[in-house]
């Protein structure tokens, strides 16, 4: 009888004691599925580590203490794993036993590098939050047939750029990564809190990404977290598209079709830049008349770019939907 594939769990923490109380309680439902648990704590000062030492019991528990750094902590924990699959259990984000088993089953059946599921959303106090319409939900609606499916790397790479700055991975706490694949490809750390987005943009061309319509996870919305301004969002989008597409061209032999598709994705950030400029002009306190006239000009250009973006996205979706070879569905 074939042995089951192993699962390593990475639990990154920093001053999250209040979130960890229900989190550790929820983990008890599936903790026996984990072959090892790696805690990476960024020198918490609120009793987080003391709570973990008192409440988290596992025969192969390892605790790493290091300086702060979101994806740096993830990468250090991931590098310490040995499992066939890696699950990243971020504080406050919950998953059910059934979904974790399902993700492993789908990953093995489809030979996937990553298996993605769409989460539900909740406030920190547990109240339901509205669905944020993340890319996994949209991709399942556009390309799914009610069953799990895997995308060929060419489709994954293109869709990763098309959805930027949002990640087609959604939340990593809703997903399962193949261990060797993830350990060889650390999360980028130069883009702040969007390392998930950068990861799939950087490695999509060598990643078999599977999606499943099965739900069973909850993403915690932290209302107090600082939000990017429109200008910061545009700049982040520009950096992601510019740097990652340039790196792909320099280090990877892309087929001409994929190279052309990626080149097209460098255009939509212009729409975001114009949107930010419109907002700035409309709210500018001085030179009201001049700013409003400039606003009309920028708005016209913005609407033209937005229409082109929608037409480009529609054409790309038609190409992908028509090419069945890019998607393999798992029936039943």
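In this structure, is residue 55 farther than 16 Å from residue 81 by Cβ, free of Cβ contacts under 8 Å to residues at least 60 places away in the same chain, in the same structural domain as residue 176 (by TED's automatic domain parsing) and in contact with a strand residue (DSSP E or B) (Cβ under 7 Å, 6 or more places away or on another chain)?
Details: farther than 16 Å from residue 81 by Cβ: yes; free of Cβ contacts under 8 Å to residues at least 60 places away in the same chain: yes; in the same structural domain as residue 176 (by TED's automatic domain parsing): yes; in contact with a strand residue (DSSP E or B) (Cβ under 7 Å, 6 or more places away or on another chain): no.
Criteria not met by residue 55.
Against the definition (surrounded by fewer than 22 Cβ atoms within 10 Å (Cβ to Cβ), modelled with pLDDT under 95 and farther than 23 Å from residue 139 by Cα), how does residue 123 come out, yes or no? Walk me through it before giving the result.
On the way: surrounded by fewer than 22 Cβ atoms within 10 Å (Cβ to Cβ): yes; modelled with pLDDT under 95: yes; farther than 23 Å from residue 139 by Cα: yes.
Criteria met by residue 123.
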Practice task
For residues that are surrounded by 15 or more Cβ atoms within 10 Å (Cβ to Cβ) and on the phi > 0 side of the Ramachandran plot, tally how many sit in segment 1-60.
Solution key: 1
Exercise for the section: Inspect segment 206-213 for any residue being touching a helix residue (DSSP H, G or I) at 6+ places or on another chain (Cβ under 7 Å), surrounded by fewer than 24 Cβ atoms within 10 Å (Cβ to Cβ), assigned to a helix (DSSP H, G or I) and at pLDDT below 95 and give the result as yes or no. Expected result: yes
Practice task
Output the number of residues of segment 144-167 satisfying the condition of being at pLDDT 90 or above and touching a strand residue (DSSP E or B) at 6+ places or on another chain (Cβ under 7 Å).
Solution key: 6
Exercise for the section: List every residue pair whose Cβ atoms sit under 8 Å apart, with the two residues 6 or more apart in sequence or on different chains, where the first one lies in segment 284-306 and is not assigned by TED's automatic domain parsing to the domain that holds residue 234 and the second, anywhere, is modelled with pLDDT of 75 or more and assigned to a helix (DSSP H, G or I). Expected result: none
Exercise for the section: Look at residue 131 and say whether it is part of a loop (DSSP other than H, G, I, E, B), at pLDDT 90 or above and within 26 Å of residue 220 (Cα to Cα). Expected result: yes
Fill in the blank from the handout: All-but-one check, residue 106 against (1) in contact with a strand residue (DSSP E or B) (Cβ under 8 Å, 6 or more places away or on another chain); (2) modelled with pLDDT of 95 or more; (3) buried (at least 24 other Cβ atoms within 10 Å of the Cβ), failing number (3)
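Going by the conditions given, is residue 222 more than 14 Å from the chain's Cα centre (by Cα), within 25 Å of residue 245 (Cβ to Cβ) and surrounded by fewer than 20 Cβ atoms within 10 Å (Cβ to Cβ)?
Values: more than 14 Å from the chain's Cα centre (by Cα): yes; within 25 Å of residue 245 (Cβ to Cβ): no; surrounded by fewer than 20 Cβ atoms within 10 Å (Cβ to Cβ): yes.
Taking the combined requirement at face value, the residue does not satisfy it.
Considering only segment 168-193, how many residues are more than 13 Å from residue 211 (Cα to Cα) and not in a helix (DSSP H, G or I)?
Here is the first cut: in segment 168-193, the residues more than 13 Å from residue 211 (Cα to Cα) are 173, 178-193.
In the following step, the residues that additionally are not in a helix (DSSP H, G or I) were identified as 178, 184-193.
Within segment 168-193, residues that are more than 13 Å from residue 211 (Cα to Cα) and not in a helix (DSSP H, G or I) number 11.
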Problem - Qualifying residue in segment 92-105 (condition: part of a loop (DSSP other than H, G, I, E, B) and farther than 22 Å from residue 187 by Cα) - result: yes
Handout entry: Inter-residue pairs, beta-carbon under 6 Å, first at positive phi and touching a residue at least 12 places away in the same chain (Cβ under 8 Å) and in segment 108-133, second surrounded by 14 or more Cβ atoms within 10 Å (Cβ to Cβ) and assigned to a loop (DSSP other than H, G, I, E, B), 6+ apart
Key = none
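Go through segment 61-79 and count every residue that is surrounded by 16 or more Cβ atoms within 10 Å (Cβ to Cβ) and at pLDDT 95 or above. Steps first, please.
The initial filter retains those residues of segment 61-79 that are surrounded by 16 or more Cβ atoms within 10 Å (Cβ to Cβ), namely 61, 64, 70-78.
Subset that is at pLDDT 95 or above: 61, 64, 71-78.
Summing the residues that are surrounded by 16 or more Cβ atoms within 10 Å (Cβ to Cβ) and at pLDDT 95 or above in segment 61-79 gives 10.
The values are calculated or read from the model by the stated rules, or taken from the named source; none is laboratory data. What you see is a predicted model, and the numbers here were worked out from it, not measured in a lab. Positions of Cβ are generated from backbone atoms using ideal geometry, with glycine treated the same way; all protein chains shown enter the neighbour counts.
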